[in-house]
Amino acid sequence: MQNITTHLWFDKEAKAAANLYTSIFKDAKIKNTATLHNTPSGTVDLLTIELLGQEFRLINAGPLFKFTPAVSFLVACDTKEEVDALWDELSKGGSALMELGEYPFSERYGWTQDRFGLSWQVIFMGEREIKQRITPTLMFVGEQCGRAEEAINFYASVFHNATVGYVLRYGKNEEPDKEGAIKHAGVVLEGESFAVMDSARAHNFSFNEAISFMVHCNTQEEVDYFWSKLSADPKAEACGWLKDKFGLSWQIVPTVMDEMLKDKNEAKLAQVTEAFLKMKKFDIAKLKEAYGQGRSAAKGSPVLTDELS
């Protein structure tokens, strides 16, 4: 399991999106599905997919949030033909933000919003080494513009296994962006690469809950640690979700809960769902207690794993 997983919030299109993405990317697959009932959004579908070796979580949970280009996904390709093929599929029914073509930084590149509104950048890497095929890219705009460097340094201080990588800055005469601001930079958090950039151009969007990042924790101590370090808006705390000081959404999730949600027994899922909906920060002991009650209600159904006992 990845230590940090991208989570995508859809209105009703998560299954359609999962089918589309797994048909576009090579060797992709839907790894798991689950359905939760009696949530504030009604019946909720959860899907886990794998694209180019990386996991994504998708949820159908109503029209509360919409994707914005504040978070996009940079797909690194080793051939121009792959760029073109991905662009053709991802751009269908969507809208181009930067048309497919040649740019100073790549011979073949394009940035598009797909038919669901999710933003993708596809780029031919040339001779550059590809370490991660899909890289979440955070664009700091509006009130957050100019804070990209602060953000990567902050995240590097929070996560135990973290490295700030390359940093490319704006130079003179690149207005409206200030000289020295981050044009593009990289940071690796718990083995997962992220990119950041500042943009002073006029944008009518910002970070929101449509895209969040799940931090998987093995212990309550880890849950407590990341919650205390990342949460900066008490009003945004709910069901393991929080917002950091830049407005980016995270979910601090016990790995044991991932195992619980894979259980196909409706009684156990119902008990766990009822329990976590009452929480802000997740409490592993209470989740295990709820799961155990659900197991009893299931009339002797087998225990999922020893650690859930």
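The table that follows gives values for the structure above.
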{"quantity": "Failed condition for residue 52, given (1) touching a residue at least 60 places away in the same chain (Cβ under 8 Å); (2) under 30 Å from residue 277 (Cβ atoms)", "calculated": "(2)"}
{"quantity": "In the range 117-140, residue farthest from the chain's Cα centre (by Cα) [restricted to those that are farther than 15 Å from residue 85 by Cβ and open to solvent by 50 Å² or more (accessible area, probe 1.4 Å)]", "calculated": "127"}
{"quantity": "Members of the range 21-32 found to be in contact with a Lys or Arg (Cβ under 8 Å, 6 or more places away or on another chain) and farther than 20 Å from residue 76 by Cβ, listed by number", "calculated": "32"}
{"quantity": "Residue in the range 93-105 that is among the acidic types (Asp, Glu), over 20 Å from residue 203 (Cβ atoms) and part of a loop (DSSP other than H, G, I, E, B) present", "calculated": "no"}
{"quantity": "Hits in the range 36-47 (condition: loosely packed, with under 14 Cβ neighbours inside 10 Å and at negative phi)", "calculated": "37, 40, 43"}
{"quantity": "Positions within the range 178-225 being of a type in the set (S, T, N, Q) and under 23 Å from residue 55 (Cα atoms), in sequence order", "calculated": "193, 208, 212, 218, 219"}
{"quantity": "Members of the range 102-116 that are open to solvent by 10 Å² or more (accessible area, probe 1.4 Å) and more than 22 Å from residue 20 (Cα to Cα)", "calculated": "102, 103, 104, 105, 107, 108"}
{"quantity": "Residue within the range 123-144 that is in contact with a helix residue (DSSP H, G or I) (Cβ under 9 Å, 6 or more places away or on another chain), among the β-branched types (Val, Ile, Thr) and closer than 30 Å to residue 15 by Cβ present", "calculated": "yes"}
{"quantity": "Matching entry among 251, 220 (being open to solvent by 20 Å² or more (accessible area, probe 1.4 Å), under 21 Å from residue 2 (Cβ atoms) and at pLDDT 95 or above)", "calculated": "220"}
{"quantity": "Selection count, the range 20-35, where residues are modelled with pLDDT of 95 or more, part of a loop (DSSP other than H, G, I, E, B) and open to solvent by 20 Å² or more (accessible area, probe 1.4 Å)", "calculated": "1"}
{"quantity": "Count - residues of the range 155-180 that are at negative phi and open to solvent by 40 Å² or more (accessible area, probe 1.4 Å)", "calculated": "16"}
{"quantity": "Of all residues in the range 223-248 being outside any helix (DSSP H, G or I) and basic (Lys, Arg), the one that is least open to solvent (accessible area, probe 1.4 Å)", "calculated": "243"}
{"quantity": "Unmet criterion (only one of (1) charged (D, E, K, R); (2) open to solvent by 20 Å² or more (accessible area, probe 1.4 Å); (3) not in a strand (DSSP E or B)) for residue 183", "calculated": "(3)"}
{"quantity": "Residue in the range 145-152 that is open to solvent by less than 10 Å² (accessible area, probe 1.4 Å) and within 17 Å of residue 8 (Cα to Cα) present", "calculated": "no"}
{"quantity": "Which listed residue, of 112, 43, is in contact with a His (Cβ under 7 Å, 6 or more places away or on another chain) and part of a strand (DSSP E or B)", "calculated": "43"}
{"quantity": "Count of the range 142-157 residues which are touching a strand residue (DSSP E or B) at 6+ places or on another chain (Cβ under 8 Å) and touching a residue at least 12 places away in the same chain (Cβ under 8 Å)", "calculated": "9"}
{"quantity": "Restricting the range 198-209 to residues that are crowded, with 20+ Cβ neighbours inside 10 Å and touching a residue at least 60 places away in the same chain (Cβ under 8 Å), the residue that is farthest from the chain's Cα centre (by Cα)", "calculated": "199"}
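The values are calculated or read from the model by the stated rules, or taken from the named source; none is laboratory data. Quantities reported herein were computed from a predicted structural model and do not represent experimental measurements. We place every Cβ from the backbone using ideal geometry, glycine too, and count neighbours over all the protein chains shown. Ligands, DNA and RNA are excluded from the accessible area calculation, which covers all protein heavy atoms including side chains. Shrake-Rupley method; radii C 1.70, N 1.55, O 1.52, S 1.80 Å.
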